[in-house]
Amino acid sequence: MMLHAVSQGVSDIVCTSHVTPGIAPFPIDRYYAHLEEARAFLAGQGIPLRVYPGCEVLYTDAAARLLKNGQYPTLAYSDAVLVEFSPDASFQEMTDAAKNFGIAGYQVLFAHIERYEALRKGKNIQILRDEYQVNMQMNANTVITKKGFFEDRWIRKTLENGYIDCVATDAHNLHSRRCKMQECYEVLANRYGIDTAEELCGGFQRRFLGI
Ligand SMILES: [Fe+2]
């Protein structure tokens, strides 16, 4: 997957394993051992790819406390956390998450916001952005795949309105959910110009994470 990402023009990867606070324990020692193994492989092969720790937190009441206790890695050693919800999560749950992580001192990035029905309603995305300082991520695959008239229109409008801070691969493997960053970059560059493509595919991430 790392070699494939490099072939897609990727220079930095935050390795965001899933964590489910209060539901299943996260093997953090094993996680860091695997990260070091990945780094040793890259160094040994002379591959110019940087890999950072991180995780994707399924929001639960226990999430901010367990993160604060050091049971999960933040994104690339920063104070930022990638947060996801079950697809039927309410807007209230999302504002609770933003508040709880904010109080605990974290910057919040919501993962694949296109999945949530609650964010299709009214000004919910703007409210989370403006009043709760939530940053928003969309999956590369969502940007490049046609999904029907209404869905495609929502995706385009959300991007055009500047509600998406960054895109990410959400890669899980080399087949059904592989890294499609190159294609995503090209679609964004053709549609919105190079500057927007650069910002969404790396500019924001570098500033947000300080990498
Ligand atoms: Fe996710």
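The values are calculated or read from the model by the stated rules, or taken from the named source; none is laboratory data. Just so it is clear, the structure is predicted and the values come from calculations on it, not from any experiment. Heads up, the Cβs are rebuilt from the backbone with ideal geometry, glycines too, and the neighbour counts pull from every protein chain shown. Note: areas computed on protein heavy atoms with side chains; ligands, DNA, RNA excluded. Shrake-Rupley method; radii C 1.70, N 1.55, O 1.52, S 1.80 Å.
Can you tell me which residue in region 169-201 is farthest from Leu82 (Cα to Cα), limited to those that are touching a residue at least 60 places away in the same chain (Cβ under 8 Å) and not in a helix (DSSP H, G or I)? Ranking the candidates gives Leu174 first.
Here's the yes/no breakdown for (1) under 18 Å from Val14 (Cβ atoms); (2) polar (S, T, N, Q); (3) surrounded by 17 or more Cβ atoms within 10 Å (Cβ to Cβ); (4) out of contact with any Gly (no Cβ under 7 Å at 6 or more places or on another chain):
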{"residue": "Leu58", "(1), (2), (3), (4)": "yes, no, yes, yes"}
{"residue": "Gly70", "(1), (2), (3), (4)": "yes, no, no, yes"}
{"residue": "Tyr77", "(1), (2), (3), (4)": "yes, no, no, yes"}
{"residue": "Ala98", "(1), (2), (3), (4)": "no, no, yes, yes"}
{"residue": "Ile103", "(1), (2), (3), (4)": "no, no, no, yes"}
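Figure legend. Inter-residue proximity from region 37-61: first residues more than 26 Å from Gln71 (Cα to Cα) and among the polar types (S, T, N, Q), second residues at pLDDT 95 or above and open to solvent by 30 Å² or more (accessible area, probe 1.4 Å), beta-carbon distance below 9 Å, spacing 6+ or different chains. Indicated pairs: Gln45/Leu3. If you go through region 144-154 and pick out every residue that is open to solvent by 40 Å² or more (accessible area, probe 1.4 Å) and within 26 Å of Cys55 (Cβ to Cβ), you end up with 1.
Residues are listed down the side, and each one gets a yes or a no for (1) away from the ligand (no atom under 16 Å from the Cβ); (2) part of a strand (DSSP E or B):
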residue: Pro48; (1), (2): yes, no
residue: Thr60; (1), (2): no, no
residue: Ala64; (1), (2): yes, no
residue: Gly70; (1), (2): yes, no
residue: Val83; (1), (2): no, yes
residue: Thr95; (1), (2): yes, no
residue: Gly105; (1), (2): yes, no
residue: Leu109; (1), (2): no, yes
residue: Leu119; (1), (2): no, no
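One residue is enough: does region 27-40 have a residue meeting the conditions open to solvent by 70 Å² or more (accessible area, probe 1.4 Å), part of a loop (DSSP other than H, G, I, E, B) and either more than 15 Å from the ligand (Cβ to nearest atom) or at negative phi (or both)? Within region 27-40 (the criterion being open to solvent by 70 Å² or more (accessible area, probe 1.4 Å), part of a loop (DSSP other than H, G, I, E, B) and either more than 15 Å from the ligand (Cβ to nearest atom) or at negative phi (or both)), the answer is no, since none of the residues qualifies. Taken together, the criteria exclude Lys157 from residues that are open to solvent by 20 Å² or more (accessible area, probe 1.4 Å) and in a loop (DSSP other than H, G, I, E, B).
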